[in-house]
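Worksheet: the structure to be examined is printed underneath.
The values are calculated or read from the model by the stated rules, or taken from the named source; none is laboratory data. All values reported here derive from a predicted model rather than from experimental measurement. Reconstructed Cβ throughout: ideal geometry from the backbone, glycine too, with neighbour counts over all protein chains shown. For the accessible areas, the whole protein counts, side chains as well, though only heavy atoms, and no ligand, DNA or RNA atoms are used. Shrake-Rupley method; radii C 1.70, N 1.55, O 1.52, S 1.80 Å.
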Amino acid sequence: MNEIIRFERVRKVFEGRVEALKGVDLSIKRGEFVGIMGPSGSGKSTLLHLMGGIEKPTEGRIFIDGIDITKLSEDELAELRRKRISYIFQFFYLLQDFTCIENLTVVGKIGGIRNPEERAKEILKRIGLEEKAYDFPSNLSGGQQQRLAIGRALMIDAEIIIGDEPTGNLDRQNAESVFNLFKEINEERGATIIIATHNDSLKPYFGRIIRLEDGKIV
């Protein structure tokens, strides 16, 4: 496995001089399934936002597959996210006026996928929502909505999948179901998966755990 993500002395300071990350060095290899753990306020979300190209560091450099993304323009970052990185948030951010299949299809169209509706049908079957294809998100349970959010992330065959507490609103059974899906994706596609969670019961799923405290890796 070769390196796909590297942080070099990364600091992130927000307005009000809140230092969320304090000189983080980090390396993640291609195909790893990594857990990011730590107490609230430790910097987990900031780390993932930087990793996903959603924010830029105050200092330091971040490499994605050898590309220094701190030097990319906003348009270049958007293109990187569109083609190579899928980000899953704790809150589903589904399009409520779109059906399940439409929520996936629109992502496929943006990502330039051929036959996005066919791809969406395949994904819905994979995540166990085939029979809900023409339902709206409001008709789904919390676990089903999160699976749909994950399905959206699978539409572009991203090399890197990042999840920020993606099971934080789910009960244990649904959380384990979601993590089994992550594990399948990791093993079958070789996708690099990085998930932040505070749920200790999910630790056995990870190949490696990175712990953050007060903006530092411990």
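Key figures for this structure:
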{"read-out": "Complete set of residues in segment 16-30 that are touching a Ser or Thr at 6+ places or on another chain (Cβ under 9 Å) and open to solvent by 20 Å² or more (accessible area, probe 1.4 Å)", "value": "GLU19, LYS29, ARG30"}
{"read-out": "The listed residue being open to solvent by 70 Å² or more (accessible area, probe 1.4 Å), in contact (Cβ under 8 Å) with a residue 12 or more places away in the chain and not in a loop (DSSP other than H, G, I, E, B), out of ARG119, ARG82", "value": "ARG82"}
{"read-out": "Segment 166-217: number of residues that are in contact (Cβ under 8 Å) with a residue 40 or more places away in the chain, closer than 24 Å to LEU26 by Cα and among the aliphatic types (A, V, I, L, M)", "value": "10"}
{"read-out": "Every residue from segment 104-116 that is surrounded by 16 or more Cβ atoms within 10 Å (Cβ to Cβ), modelled with pLDDT of 90 or more and of a type outside the set (A, V, I, L, M, F, W, C)", "value": "THR105, PRO116"}
{"read-out": "Residue list for segment 200-216, filter: open to solvent by 40 Å² or more (accessible area, probe 1.4 Å) and touching a Gly at 6+ places or on another chain (Cβ under 9 Å)", "value": "LYS203, TYR205, GLY207, ARG208, ILE209, ARG211, GLU213, ASP214, LYS216"}
{"read-out": "Segment 164-199 - residue that is farther than 19 Å from LEU140 by Cβ and hydroxyl-bearing (Ser, Thr, Tyr) and, of those, surrounded by the most Cβ atoms within 10 Å (Cβ to Cβ)", "value": "THR197"}
{"read-out": "Scope segment 26-42; condition in contact with an Asp or Glu (Cβ under 6 Å, 6 or more places away or on another chain) and either over 25 Å from LYS183 (Cα atoms) or among the aliphatic types (A, V, I, L, M) (or both); matching residues", "value": "SER42"}
{"read-out": "Only listed residue being among the aliphatic types (A, V, I, L, M), at pLDDT below 90, outside any loop (DSSP other than H, G, I, E, B) and open to solvent by less than 50 Å² (accessible area, probe 1.4 Å), chosen from ILE150, ILE101, ILE156", "value": "ILE150"}
{"read-out": "Which listed residue is in contact with a Pro (Cβ under 7 Å, 6 or more places away or on another chain), at pLDDT 90 or above and at negative phi, from ILE217, ILE195, ILE210", "value": "ILE195"}
{"read-out": "ASN174 vs. criteria over 15 Å from the mean Cα position of the chain (by Cα) and part of a loop (DSSP other than H, G, I, E, B)", "value": "no"}
{"read-out": "Residue in segment 54-63 that is buried (at least 20 other Cβ atoms within 10 Å of the Cβ) and within 22 Å of ARG211 (Cβ to Cβ) present", "value": "yes"}
